[in-house]
């Protein structure tokens, strides 16, 4: 609802179709899938207040939200949030990965022999399965969540995964829908495959000067392919952590 009291979408008991809507001086993108999840996104900045109303005819599935402040306003807001006891994580910029320039098209050449695939330069990871390992990392981790791996970027001495958080089992501060998870080395253990879902136990790592705030997957840490059985094991591990 805008400041004029008019519904921007889904008003007066009518369901609006997914699409882009003009509101509060910006464009709001509304998406809705077959399931219960609905999403509103706006690049901003907004010039007016927006009121979000939720009508439920079933148990409340929960609402997640995130927002960005101009750089000059983030410091005062952070100080106020800390005074109120809120736990905030500093946002990490999401850059566009550089794309290699397209080479000019060349005539197709038929190779007489297909070269063998290059060997994997990474050594196999040690076997870390077991209840004790799961319990150690669940209780000692700052965050435990289910996530889908969207991308992987290998840098000099570390690997960065972009993941979509789908279900949170444990968190010491709020998590965003999209997060970066870092692992040490170009051949981290455990290694995460693209487009697969995992249960992850990670630690929060803040640099001494406070400029970096990362989620770190420890070496030989807990990262298991998600399954209903592993979900049950994680929930059971939560009951055995010391208070």
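The values are calculated or read from the model by the stated rules, or taken from the named source; none is laboratory data. Being a predicted model, the structure only gives us computed values, none of them experimental. Neighbour counts run over all protein chains shown; Cβ positions are idealised from the backbone, glycine included.
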* Asked: In this structure, is residue 53 assigned to a loop (DSSP other than H, G, I, E, B), modelled with pLDDT under 75, farther than 24 Å from residue 168 by Cα and not assigned by TED's automatic domain parsing to the domain that holds residue 176?
  -> no
* Has the range 174-189 got at least one residue that is modelled with pLDDT of 90 or more and on the phi > 0 side of the Ramachandran plot? -> no
* Asked: Considering only the range 123-136, how many residues are closer than 15 Å to residue 183 by Cα and crowded, with 18+ Cβ neighbours inside 10 Å?
  -> 0
* Check residue 129 against each of (1) closer than 22 Å to residue 239 by Cα; (2) modelled with pLDDT of 90 or more and name the one condition it does not meet. => (2)
* Asked: Of the residues in the range 189-235, how many are outside any loop (DSSP other than H, G, I, E, B) and either under 17 Å from residue 147 (Cβ atoms) or in contact with a helix residue (DSSP H, G or I) (Cβ under 9 Å, 6 or more places away or on another chain) (or both)?
  -> 20
* Do you know which residues across the range 17-44 are assigned to a loop (DSSP other than H, G, I, E, B), modelled with pLDDT under 85 and touching a strand residue (DSSP E or B) at 6+ places or on another chain (Cβ under 7 Å)? -> 43, 44
* To do: Being touching a strand residue (DSSP E or B) at 6+ places or on another chain (Cβ under 8 Å) and more than 21 Å from residue 231 (Cβ to Cβ) is the filter; apply it to the range 173-184 and report the residue that is surrounded by the most Cβ atoms within 10 Å (Cβ to Cβ).
  => 183
